[in-house]
Amino acid sequence: MTVTAAPPRATYREVFAVRQFRVLFTGYTLFLVGETVRMLALSVLVYAGTGSALLSALAYVSGFLPYAIGGTLLLAYADRWPPRAVMVGYDLLRAAVGAVLAIGVLPAPAMLALVFVTGVPSAVASAARTALLPDLLDGDRYVLGRAAFAVSAGGTQVLGFAVGGVLIAAVDAAGAMWITVATCLLSAALIRFRLADHPRRGGSGGGAVAATWRVNRSLLARPEVRGLLLAQWLPPSLVVGAEGVLVPYAAEAGLPDAAGLLFTAVAAGMLAGNLVVGRLLTPDRRERLAAPLALLLGAPLLGFALSPGPVAAAALLAASGFGVAYQLGLARRFLDAVPEAARGQAFGLALTGTMTMQGLCAAAGGALGEALPPTAVIALCGAVSLTATLALRRPLSG
């Protein structure tokens, strides 16, 4: 693998000076807002119709579950189709699904099935969006563009659930779902009429499923790509297992309402880390500090072995969330390591692995919580994340 010298440090002002990036960023923010409102509204609709906490929980995560399927079967389309067409098409599909849900003509099981099936292409749309960034931003501006996307995601997690809850209280769940439809249509119009068209990267020969498996295998067969993928997947996913027991932890601490504070602390730490590391550190220093920042993911969680109170726990979780910024130090190296013709699929594979492993680790953390105290589970997740980070020190250090 040939990695070029780190480019000069860019600024967020330079990134947002690129009009095409502003269009892509605004569309992504609309997507996040719509998805947050949709998950909350669907969960409320399903619970109101069934009274089942299990079905309500399945509704809440229904947008994530299909990601692994799309990522293992359809990612070839991220390079075979023009990215603008992929993003617009998926926005229109989401708008149609949101309208059907808002009308309320389907029973709860059919709602869940519809969201699951139509969520399968989400991996392709996300891959197309992420792979387009290097076409719009070069050098260190690309890394800051990735950071801006992460900040938007973190900000949506911090504010979106509260705003979504207010919307549902004000206009009921069905009315809130129409807001999701509106954000989808706005995003589709913005991308279609303001984002320049870009050609597809890969060829169109052969079946998409076979091509997806073939390219995924070829990417994983490259030691440098495989190491960088594992470095992006394992340390943060193992930490996510701790989030699966934050609600029981808050309940055992005697402050069940503090669970929201703990989840917000994680998101706030992620947001702060991307802002600080992206803005204040030079590209070279970001890459040198990737491994120490990755250690920060797990190290604070060891403090839960001392059974901290909610305020101290929030501080530890925020520090852990800050460590997610280590991925900024891997962004340029991963871009250099993957072939141009398969860039969309490579980014899709990275996203698919992240979503899948985080879901599995969250479930595993919840399962461990049946046998161990929440504080022990959280500390164990931190220790395992630290172990994985140390084992991956070579790809993390470059």
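The values are calculated or read from the model by the stated rules, or taken from the named source; none is laboratory data. Not measured: the values here are computed from a predicted model. Neighbour counts run over all protein chains shown; Cβ positions are idealised from the backbone, glycine included. Side chains are part of the model used for accessible areas, which takes the heavy atoms of the whole protein and leaves out ligands, DNA and RNA. Shrake-Rupley method; radii C 1.70, N 1.55, O 1.52, S 1.80 Å.
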Next item on the list: Work out from phi, with θ = phi - 60° and the Karplus expression 6.51 cos²θ - 1.76 cosθ + 1.60, the ³J(HN,Hα) of each residue of segment 144-151, listed in order in whole Hz, and give x for Gly and Pro.
Entry: 5, x, 4, 5, 5, 5, 5, 5
Checklist line | Rounded Å value of the spacing that divides the Cα centres of segment 249-311 and segment 29-48 | finding: 26
Next item on the list: For n ≥ 4 DSSP H runs only, could you compute -39500 (n - 2.57) per run for the chain, divide by its residues and tell me the 222 nm figure to the nearest 500?
Entry: -26000 deg cm²/dmol
Next item on the list: Please check which bits of segment 118-132 a label hung off LEU92 would reach, taking the label as a point 7 Å along Cα-to-C-beta and the cut-off as backbone N under 19 Å.
Entry: 118-126, 128-129
Check: When you count, for each residue, the other Cβ atoms within 10 Å and take the mean per peptide, how do 124-133, 215-224 rank with the highest first?
Finding: 124-133, 215-224
Checklist line | Relative contact order (%) - segment 287-398, alpha-carbon pairs under 8 angstrom, separation at least six | finding: 50
Check: Along segment 310-320, what does the Karplus equation 6.51 cos²θ - 1.76 cosθ + 1.60 (θ = phi - 60°) give for ³J(HN,Hα), rounded to whole Hz, x for Gly and Pro?
Finding: x, 5, 5, 4, 4, 5, 5, 5, 5, 4, 5
Next item on the list: For segment 239-307, build the charge dipole from Cβ charges (+1 Lys, Arg; -1 Asp, Glu) around the Cα centre, then report which of VAL276, LEU297, LEU255 sits farthest towards its positive end.
Entry: VAL276
Check: Between PRO107, ALA318, ALA127, whose Cα lies farthest towards the positive end of the dipole of the chain when Lys and Arg beta carbons carry +1 and Asp and Glu beta carbons carry -1, centred on the Cα centre?
Finding: ALA127
Next item on the list: Leaving ligands, DNA and RNA out of it, work out the accessible area of SER320 with a 1.4 Å probe and give it in Å² to the nearest 10.
Entry: 10
Next item on the list: Would you mind telling me the share, in percent, of accessible area of segment 231-341 contributed by carbon and sulfur at probe 1.4 angstrom?
Entry: 70
Check: How high is the relative contact order of the chain, given as a whole-number percent (alpha carbon pairs under 8 Å, six or more residues apart)?
Finding: 27
Checklist line | GLY202 long-range amide H proximity, modeled H, under 5 Å | finding: ARG80
Check: If you plug each phi of segment 260-274 into the Karplus form 6.51 cos²θ - 1.76 cosθ + 1.60 with θ = phi - 60°, what whole-Hz ³J(HN,Hα) values come out, in order, with x for Gly and Pro?
Finding: x, 4, 5, 5, 5, 4, 4, 5, 5, x, 4, 4, 5, x, 5
Check: Zone of SER307 (label point 7 Å along Cα→Cβ, backbone N under 14 Å): which residues in segment 357-387?
Finding: 373-377
Notebook entry, point to check: How much of ASP284 can a 1.4 Å solvent probe reach, expressed as accessible area in Å² and rounded to 10?
Noted result: 80
Margin query: When a/c reaches 1.5 or more, the comparison of a/b and b/c decides; with that in mind, is segment 245-356 rounded, prolate or oblate per its Cα gyration tensor?
Written below: prolate
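Using only Cα atoms, what is the ratio of the radius of gyration of segment 299-366 to 2.2 N^0.38 Å?
Normalised Rg, Cα atoms only: 1.51.
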Checklist line | Ranked order, THR26, THR352 - accessible area, probe 1.4 Å, largest first | finding: THR26, THR352
Item checked: Charged-residue dipole, Cβ positions (Lys, Arg, Asp, Glu), segment 73-164 about Cα centre, Debye nearest 20 -> 120
Margin query: What figure, in Å² to the nearest 10, do you get for the accessible area of TYR47 with a 1.4 Å probe and non-protein molecules left out?
Written below: 120
Next item on the list: Note the full-extension length gain between GLU14 and ALA189 as 0.36 nm times their separation in residues minus their Cα-Cα distance, in nm to one decimal.
Entry: 60.5 nm
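Given the convex hull over the Cα atoms of segment 223-281, what projected area results after averaging over all orientations, in nm²?
Average projection, Cα convex hull of segment 223-281: 5.2 nm².
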